[in-house]
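What follows is a set of notes on a single structure, which appears directly below.
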Amino acid sequence: MTRRLHVRTMRTPEEIKRLLESVPDVDELDLNLILLLQENGRASYNELARMLGVSVATVSKRIKHLEQEGIIRGYAAVVSCERLGFRENLWLMIHVKPGADTETIGRKISDLIGVKCVYLIYSDFDLLVHLCCATNEEINRTVQAIGKIKDVVRVTKMTVNTKIKEEFRVLL
C-alpha cells in the first residue's frame, strides 16, 4: 500500500522509504497518523479517518498498535513556561566523578523541582539538565541540591538569552 504523506515533511520520499524500512511494523499510514497527531493531538478518530481516507476502526487499531509499541508515548498539552510565569530558563552542565553512576545521579536530579529534562551525554560534562523555574530562589535551591548529590563535582549554569526554535515534534 503506497500512500502519500498528508503532512508536509522535511525529508525526501527516498529518505521516508529508508526510514520506514528501518522500523518494523510501521508503514506510511502509521507515519501519516503520527504526523497528524503531532499537528493536533486532540483530533478525533473520525477526523483522522476522514483526513486519511480510512475507517475509524483502522485509525483506532493503528493508534493502539503505535501506543503499545511505545512509538506514541502519550498525549500532552505543550505549555509555555514563560506564559505561566516560569521565566527562569536555565541549562545546567553537570560534572561527576570518574566512575560514578551517572544514570543514578541523573535520576536523583530528575526528581528535583523545576527539572524539565535530564540527558546523559558524551561531552566534557556528563549530564545536561534543563530547568524551568518561577524564581531565582527556586533555581538556587535546585542547583544547591544537585551540588550536594554524592559524586557531583561541579554544576555549570548556562542561561537562555533568546529562544530561536523549540520543537517538540519529530520532524520527518
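No lab work stands behind these numbers, since they all come straight from the coordinates. Note that the structure is a prediction, hence the values are computed from the model and not measured. Using ideal geometry, Cβ is built from the backbone for each residue, glycine included, and neighbour counts are taken over all protein chains shown.
Values computed for the structure shown
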| quantity | calculated |
| --- | --- |
| Calculated [θ] (222 nm, deg cm²/dmol) that DSSP helices of n ≥ 4 give over the chain, each run adding -39,500 (n - 2.57) | -11000 deg cm²/dmol |
| Volume in Å³ per residue [convex hull over Cα atoms, computed for the chain] | 159 Å³ |
| The chain, relative contact order [Cα under 8 Å, separation at least 6], % | 21 percent |
| Restraint check, LYS108/LYS165; LYS61/LYS163; LYS17/LYS64; LYS64/LYS150, Cα-Cα greater than 32 Å | LYS61/LYS163; LYS64/LYS150 |
| Kirkwood hydrodynamic radius of region 82-159, Cα pairs, Å | 12.4 Å |
| Pairwise label distance in nanometres, TYR45 with ALA76, each label 7 Å out on the Cα-Cβ vector | 2.5 nm |
| Tilt relative to the chain, helix 56-68 - C-alpha long axis, 0 to 90 degrees, to 10 | 30 degrees |
| For region 119-172: rounded, prolate or oblate by the Cα gyration tensor [a/c cutoff 1.5] | oblate |
| Dimensions (Å) - region 13-68, Cα atoms, principal axes, largest first | 30, 21, 18 |
